[in-house]
Amino acid sequence: MSTRLSIDVVSDVVCPWCYVGKKRVELALAMVPEIQADIHWRPFQLDPTIPQEGIPRRAYMEKKFGSLDKIAPIHERLTEMGQDLGIPFHFSAIEISPNTLDAHRLIRWAFGERQDGMVETLFRAFFVEGLNLADHNILANLAAQCGFNADDIKAALDSDEDRDAVIGEIAAAQDLGIQGVPFFIFGQRYAVSGAETPEHLASAIRQTIADGDQAASG
């Protein structure tokens with residue numbers, strides 16, 4: 001018999017380590033086939049000060065890191081990691097650094113069976129295709145790839161639907177002390193910060209189940 005486990009993943013769709021973390025937790029779950037995971041993606045914004053329409057990527061990165069030369073080694077390392085995980089990172093294709101609040105609204109609306117696919121679609125759109133995740137038309141088309149009606153999503157994005165709810169979730173994560181992502185919460189009782197190795201994540205999953213079994217028997 002399989003054991004069900006809830007996994008909350010706090011992340012941002014413009015965080016490359018979160019994309020790495022997504023692939024690593026998938027590998028971790030493959031190591032514990034007796035566990036049936038219910039993964040819930042929770043919002044976080046690395047930089048909520050970015051205007052809604054986004055800003056040019058080059059200028060943003062230069063302001064944040066001082067020069068593009070400083071970020072180059074990080075991108076090289078991530079690209080190498082991505083090759084092992086099936087992520088063909090294409091950082092040079094990214095032209096706009098978006099405000100990700102609207103992308104998180106999409107993820108919220110996909111809660112359930114379509115959510116993981118939506119998250120994967122958004123990660124790939126940004127890090128592989130270089131698409132502007134601040135553009136409502138692009139977001140609506142990406143949602144359509146996940147089974148949503150593009151016109152309905154566009155109308156919802158153009159409204160304020162669930163903006164406050166997403167902002168509230170982000171604030172709640174910060175109140176819990178979460179300052180960096182990805183952040184994994186297993187079974188609402190065991191946390192792992194960062195894109196740890198699949199082996200480490202699998203160990204955390206096993207420990208969560210073991211602790212739960214001990215609590216139940218006690």
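The values are calculated or read from the model by the stated rules, or taken from the named source; none is laboratory data. Just so we're clear, the structure is a prediction, and the values are computed from it rather than from any experiment. Note that we place each Cβ from the backbone using ideal geometry, even for glycine, and neighbour counts take in every protein chain shown.
Brief remarks on what is shown
- Taking the numbered list (1) without any contact (Cβ under 8 Å) to a residue 24 or more places away in the chain; (2) closer than 23 Å to Asp8 by Cα in turn, Asp102 passes all entries but (1).
- Checking Arg124 against (1) surrounded by fewer than 19 Cβ atoms within 10 Å (Cβ to Cβ); (2) touching a residue at least 40 places away in the same chain (Cβ under 8 Å), the condition it does not meet: (2)
- Unmet requirement for Ile185, which otherwise passes all of (1) part of a helix (DSSP H, G or I); (2) touching a residue at least 24 places away in the same chain (Cβ under 8 Å): (1)
- All of (1) farther than 22 Å from Ala103 by Cα; (2) touching a strand residue (DSSP E or B) at 6+ places or on another chain (Cβ under 9 Å) hold for Gly194 with one exception: (1).
- Residues that are touching a Cys at 6+ places or on another chain (Cβ under 9 Å), assigned to a helix (DSSP H, G or I) and surrounded by 19 or more Cβ atoms within 10 Å (Cβ to Cβ), drawn from region 106-118: Leu106, Met118
- So Val9, is it modelled with pLDDT of 95 or more, closer than 28 Å to Glu169 by Cα and either assigned to a helix (DSSP H, G or I) or among the charged types (D, E, K, R) (or both): no
- Scope region 129-162; condition outside any helix (DSSP H, G or I), over 21 Å from the mean Cα position of the chain (by Cα) and not polar (S, T, N, Q); matching residues: Asp160
- Taking the criterion of being exposed (fewer than 13 other Cβ atoms within 10 Å of the Cβ), more than 18 Å from Arg108 (Cα to Cα), modelled with pLDDT of 95 or more and of a type in the set (A, V, I, L, M, F, W, C), no residue of region 147-197 qualifies.
- Test: residue in region 87-98 that is in contact with a strand residue (DSSP E or B) (Cβ under 9 Å, 6 or more places away or on another chain) and closer than 16 Å to Val119 by Cα: yes
- Qualifying positions in region 25-75 - in a strand (DSSP E or B) and more than 27 Å from Val9 (Cα to Cα): Pro56
- Which numbered condition Leu133 fails, given (1) without any contact (Cβ under 8 Å) to a residue 24 or more places away in the chain; (2) of a type in the set (A, V, I, L, M); (3) touching a strand residue (DSSP E or B) at 6+ places or on another chain (Cβ under 9 Å): (1)
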